[in-house]
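Read through the structure below, which is laid out as structure tokens, and then see the notes.
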Amino acid sequence: MINVGLEKTVALTLIEKEHLVDDVWTFRFKADEPFTWTAGQYISVELPHNNPDGKGTKRWFTISSAPYEQYVQITTRVTDSTFKQALVALKPGGELTLLDQPHGNFVWLDKGRPLVFVATGLGITPFQSILKQRAHDALPLDVTLIYNGRTLALPFKDELKEWMKLDRGLKVKYVIGERLNARHLLELVPALNESLVYISGAQPLMLELADALKNQGLPASQLKHELFPSYTKNNY
């Protein structure tokens, strides 16, 4: 269910934080007011802190938990920005402020076409939420996931392995140490141009990939993208 709106800002209280891999951490929060979201959506939050840098005190994050879990999970790379440093310094009981209702239409759609998910780095977060919710609801996981990373230190690999055991319709293909391009994707998924393709990751990479896929024959109506503006070609 997509939340229809928040009457006011909502406090998100940190329950726990966990180091996953490399510089990636996940943070779990409990909201002080109930709200709902659809797996794959994102939120706007604020974390006031001393001497914020030019990027300020507000950020957008995909919710990487599934709605059934009833807590809000943020998974991110911890950089040297003042926001990320303040976030990783939070202790249980510390708070973020949820500024608005969850947003986005980067959600599971049944269009009668094969589904292909393409994630670069932290672009996995909406797919993590989507697949986890569907696994919980005993719904089919008929999708091919292409997971691209600079190294093998990628979050959620264990969960993906378990879901592949649960449903053989889920196929995960890893591309490590090289940037994805349209030609490579067509080699990995020959029926790509007949599929509904979701791409998620660093904004410059995804814009470049979206243009290349359309030039290779993928109709724009069969392409959905989620852009992560804080990540680049070098830190995805």
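Looking only at residues that are polar (S, T, N, Q), modelled with pLDDT of 95 or more and over 15 Å from Gly93 (Cα atoms) in the stretch 10-43, which one is surrounded by the most Cβ atoms within 10 Å (Cβ to Cβ)?
Taking the candidates together, the pick is Gln41.
Which of (1) assigned to a helix (DSSP H, G or I); (2) of a type outside the set (Lys, Arg); (3) out of contact with any Ser or Thr (no Cβ under 9 Å at 6 or more places or on another chain); (4) surrounded by fewer than 17 Cβ atoms within 10 Å (Cβ to Cβ) is the odd one out, the single condition Leu131 does not satisfy?
Among (1) assigned to a helix (DSSP H, G or I); (2) of a type outside the set (Lys, Arg); (3) out of contact with any Ser or Thr (no Cβ under 9 Å at 6 or more places or on another chain); (4) surrounded by fewer than 17 Cβ atoms within 10 Å (Cβ to Cβ), Leu131 violates only (4).
So the check is Cβ under 6 Å with 6+ separation or different chains; which pairs have a first residue in the stretch 206-227 that's under 18 Å from Thr120 (Cβ atoms) and a second one that's β-branched (Val, Ile, Thr) and surrounded by 18 or more Cβ atoms within 10 Å (Cβ to Cβ)?
Going by the 6 Å Cβ cut-off, the qualifying pairs are Met206/Ile199; Leu209/Ile199; Leu223/Val197; His225/Ile199.
Of everything in the stretch 46-73, what is outside any loop (DSSP other than H, G, I, E, B) and in contact with a Lys or Arg (Cβ under 6 Å, 6 or more places away or on another chain)? Give them in sequence order.
Glu46, Gln73
Would it be correct to say that Pro92 is surrounded by fewer than 20 Cβ atoms within 10 Å (Cβ to Cβ), outside any helix (DSSP H, G or I) and touching a Leu at 6+ places or on another chain (Cβ under 8 Å)?
Numbers: surrounded by fewer than 20 Cβ atoms within 10 Å (Cβ to Cβ): yes; outside any helix (DSSP H, G or I): yes; touching a Leu at 6+ places or on another chain (Cβ under 8 Å): yes.
The answer is yes for Pro92.
Whether any residue in the stretch 49-61 is under 23 Å from Pro155 (Cβ atoms) and of a type in the set (D, E, K, R) is what I want to check. Even if it seems obvious, please write down each step before you answer.
Initially, the stretch 49-61 is screened for residues under 23 Å from Pro155 (Cβ atoms), giving 55, 59-61.
Checking the rest, the ones that are also of a type in the set (D, E, K, R) come to 55, 59.
Yes, some residue in the stretch 49-61 is under 23 Å from Pro155 (Cβ atoms) and of a type in the set (D, E, K, R).
Which residue, of Thr75, Thr79, is within 17 Å of Lys17 (Cα to Cα) and either aromatic (Phe, Trp, Tyr) or surrounded by 20 or more Cβ atoms within 10 Å (Cβ to Cβ) (or both)?
Thr75
For the stretch 67-120, how many residues meet the condition of being over 16 Å from the mean Cα position of the chain (by Cα), among the hydrophobic types (A, V, I, L, M, F, W, C) and farther than 26 Å from Tyr174 by Cβ?
Count: 9.
What number of residues within the stretch 189-205 are at pLDDT 95 or above and either of a type in the set (S, T, N, Q) or under 20 Å from Pro126 (Cβ atoms) (or both)?
9
The values are calculated or read from the model by the stated rules, or taken from the named source; none is laboratory data. The structure presented is a predicted model; accordingly, all values stated were derived computationally and were not measured. Because the Cβ atoms are built from the backbone with ideal geometry, glycine has one as well, and the counts that use them run over all protein chains shown.
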